[in-house]
1. To check my understanding: the extent here is largest minus smallest coordinate of the Cα atoms along each principal axis. What are those three numbers for region 193-270, in Å, largest first?
2. For a quick check, take a GNM of the chain with Cα springs below 10 Å and name the residue from 77, 234, 33 with the largest mean-square fluctuation.
3. Give, to the nearest whole percent, the P(r) tail of region 243-316 beyond 22 angstrom, counting all Cα pairs.
4. State the percent of C-alpha pairs, over all pairs in region 33-107, separated by a distance greater than 20 angstrom.
5. Please give the length that would be gained between residue 81 and residue 304 if that part of the chain were fully extended, namely 0.36 nm times their separation in residues minus their C-alpha to C-alpha distance (nm, one decimal).
6. To check my understanding: the extent here is largest minus smallest coordinate of the Cα atoms along each principal axis. What are those three numbers for the chain, in Å, largest first?
7. Could you tell me whether region 87-222 comes out rounded, prolate or oblate from its Cα gyration tensor? Rule is a ≥ b ≥ c as square roots of the eigenvalues, rounded for a/c under 1.5, then prolate if a/b exceeds b/c, otherwise oblate.
8. Could you order peptides 34-44, 54-64 by the average number of other Cβ atoms within 10 Å of their residues, highest first?
């Protein structure tokens, strides 16, 4: 699927520990020509195990599913790990024609384009799950599904189409609409089903969680994140995170940053804010939409959270 972590041999998937890889190395491609057309130069970007391959005219999500099905059908004596990075609903919006027809009169533009792409994604995820079931692997397979950021409002994404519900913000924003994401984990008979958890967690937690569930000791190196196994077992278990930090931008841009401790969240230089909102403090327990700025009423808390951010920034910016 989507890699977007480097083009050099040592930074491509096979240089980072994967035995087999297939997909595009950049941020996105046209799903039929497999070219990157944004910000130039235009370039073909489809690779298998580091070698460029050509499948012109084939729908990339279908190529992904076929690749996964072949891997699942391969006899093996060891457990497997598959990172299946579907790039839907990232632009370009290229869902199946049947879903475009279905949503044309049911939803306004561009929501109808986005919904068609989401339904196209749902079907491909379903194909992977059905293959696991057909091969008798579903009961022994942990499945994790998660988005990576809020919906895009860029011009090349038709200025929107997604919906963050009650949350403020979107892709590139550190308000909740940009960073609070849906995530699902399933392991039949091992993890409770049909339940919802509200504790704070991050994508960095999946690695230690899977290691914990599989009884594997982590390598002797620092791992960002904590096991969510207690949270999966109990809706009342505390979050493993006392606080969490975000930062986006920098260099020639004024970085936006945020820190959360318990229900309190401080966003500084937030995207699409008024000047009086440059320092924005909210209590997510009572204001999940981040509409009421409590910074003026809580100067001590602003100072405390700012100090936490500055200390964190010093640690991550060390050479």
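All of the numbers you see were taken from the coordinates with simple rules; none came from a lab. What you see is a predicted model; the values in this text were computed from it and never measured. Methodologically, a virtual Cβ is constructed for each residue, glycine included, from the backbone with ideal geometry; neighbour enumeration extends over all protein chains shown.
1. 45, 30, 20
2. 77
3. In whole percent, the long-distance tail amounts to 17.
4. Above the 20 Å cut-off, region 33-107 has 48 percent of its Cα pairs.
5. This chain segment gains 76.1 nm when fully extended.
6. Taking the Cα atoms of the chain, the three principal extents are 60, 46, 44 Å.
7. oblate
8. 54-64, 34-44
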